[in-house]
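These notes are about the structure you will find just below.
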Amino acid sequence: MWLHPLSAESVEENLKDAGCPDAFIQSFLAHYSTSTPSQQIQWLHGQQQKLLEQLHDSQKHLDRLDYLCYQIRKHAEVKDS
């Protein structure tokens, strides 16, 4: 039998600190005591993938804003010349 080194309270706090949605946290905790470490890691990896997708989307938004700033500066320099 797998013995969990972390209390459910500790896991819950960590998941909250990681920004996991409440639905994910509740689902994870509901299966925490009956799942294997391998299953737990799979669920956490899925959540990591979602966060990584959000990060990439945010990076695309930043890149677009940077490009807009570049274009505005470029046109301003032409007018000032």
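All of the numbers you see were taken from the coordinates with simple rules; none came from a lab. Remember, predicted model here, so these are calculated numbers, not experimental data. Every residue, glycine among them, receives a Cβ derived from its backbone with ideal geometry; neighbour counts consider all protein chains shown.
Results, tabulated for the structure shown:
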item	result
Stretch gain in nm, segment D80-T36, where the contour uses 0.36 nm per residue and the Cα spacing is subtracted	9.3 nm
Spatially proximal lysines relative to K16 (Cα-Cα < 21 Å; intrachain offsets below 8 disregarded)	K50
Distance in nm between pseudo-label sites at K16 and L68 (7 Å out along the Cβ direction from Cα)	3.6 nm
Relative packing of 70-78, 34-42, which averages over residues the other C-beta atoms within 10 Å, highest first	34-42, 70-78
Correct option for P(r) over Cα pairs in 10 Å bins from 0, in percent [calculated from the coordinates] among [x] 12, 27, 23, 15, 12, 9, 3, 0; [y] 19, 56, 24, 1; [z] 15, 32, 17, 13, 11, 8, 3, 0	[z]
Within the chain: Cβ-based charge dipole about Cα centre, in debye rounded to nearest 20 (Lys, Arg +1; Asp, Glu -1)	340 debye
GNM flexibility winner over the chain from L51, L15, L65 (Cα, springs under 10 Å)	L65
Listed residues S58, C20, L44: farthest to the positive end of the dipole of the chain (Cβ charges)	S58
